[in-house]
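Structure, as structure tokens:
Derivation of every value follows stated rules applied to the coordinates shown; laboratory data play no part. Source: prediction; values computed, not measured. Positions of Cβ are backbone-derived with ideal geometry, glycine not excepted, and every protein chain shown enters the neighbour counts.
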Amino acid sequence: MADLTFLYAAYTIVWAGVFVYMLWLHFDQLKLRKDLELLEEVLHGEPE
Amino acid sequence: MRPLDKVRITLLVVAAILTLVSIYLAVLYAPTHTTMGDVQRIFYFHVSSAWVAYMGFGLTFVTSLLYMKTKDLKWDVYAYSSAQIGVVFCTLAITTGPMWAKAVWGVYWRWEDLKLMMTLVLWLVFIAYLVLRANVQSRRKKANLSAVFSIIGLICIPLSFAANRLWSQYHPTVIATEEGSLQASMGFSFGIALLAFTILFIYILLTKIEIETMRETVEELKQKVGGRHG
């Protein structure tokens, strides 16, 4: 029984870790895309 | 859709399918280990995580060398991206190992085991690498210091990988030893898990490189906007 608890804990750590890291990358990417669009709008969209 | 996005999505789909297959193989297909019992099934993803960490750190070293040679910041972006992935997967290996150790050895950690200690040192070296990068403002200085640091960090990679092979330690040597050799079905399950993690590594690496390249562009544009308004 204790063996299975360690097994579940280890599998949870691995898959939750991978999932959270990928989610963090995804949100980082979304934020940067938004910043990039905004900056390009400021640079090219504003009147000279 | 850009060609790179297509490649990334394909990699993600393949990695997801292989991951599900590898979980099935590790949990249901592979036989229960005769002496260790079910807890041995941790090994499939613990070793795969460590494998990705070694790939990440190894790639950091190679790209740092390329940066030192060419002074092209593109290589520094590659080095940083692979170092971060290495740290994440090394964290997974370092936290899942003690789960197995507690069940088999009765303790979470053995301070006298060189394999464990060298992996801990390797992990700390690359955490220091990330901390160093976060605290240096000048882009060029950050790249130069990081490259030197990761080249020094390389010493820990072979030591961590080979510690249990060179010196008799507690940590088991599963591959390339007769006593630790796997049954065919265990070997197959392990191979699929390694393949799934390798493809996952490539997918995450491409994503991370794209993010960091985008961050560089954002910083450049911010300076341009600042220049216009300042």
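P(r) tail, the protein assembly as shown: Cα-Cα pairs separated by more than 23 Å, 59% of all pairs. Can you tell me the convex hull volume per residue for the stretch B:23-83, based on C-alpha atoms, in Å³ to the nearest whole number? Once divided by residue count, the hull of the stretch B:23-83 is 82 Å³. The alpha carbons of chain A occupy a box of 71, 7, 5 Å along the principal axes, longest dimension given first. For the residues of B:34-41, the average number of beta carbons from a partner chain within 10 Å of their own beta carbon is 3. Computed as a quarter of the hull surface, the mean projected area of the alpha carbon convex hull for chain B stands at 15.2 nm². Listed by number, the DSSP H helices of chain B that run 20 Å or longer by alpha-carbon position along their axis and have mean Kyte hydropathy of at least 1.0 are B:3-24, B:114-135. Which residues make up the longest stretch of chain B clear of GluC sites (Glu not before Pro) that lie in a DSSP loop with no more than 14 other Cβ atoms within 10 Å, not counting the sites? After excluding every exposed loop site, the longest remaining stretch is B:1-111.
Sorted largest first, the spans of the alpha carbon positions of the stretch B:114-155 along the three principal axes are 37, 16, 5 Å.
Ordered by the number of other Cβ atoms lying within 10 Å of each residue's own Cβ, fewest first, B:C156, B:C90 fall into the sequence B:C156, B:C90. Per residue, chain B reaches -27000 deg cm²/dmol at 222 nm when only DSSP H runs of four or more residues are counted, each adding -39500 (n - 2.57). Neighbour counts of other Cβ atoms within 10 Å put B:T95, B:T35 in the fewest-to-most order B:T35, B:T95. What the Cα convex hull of the stretch B:81-142 gives, in volume per residue, is 84 Å³. The Cα-based radius of gyration and maximum Cα-Cα distance (Dmax) for the stretch B:34-163 are 16.3, 56 Å.
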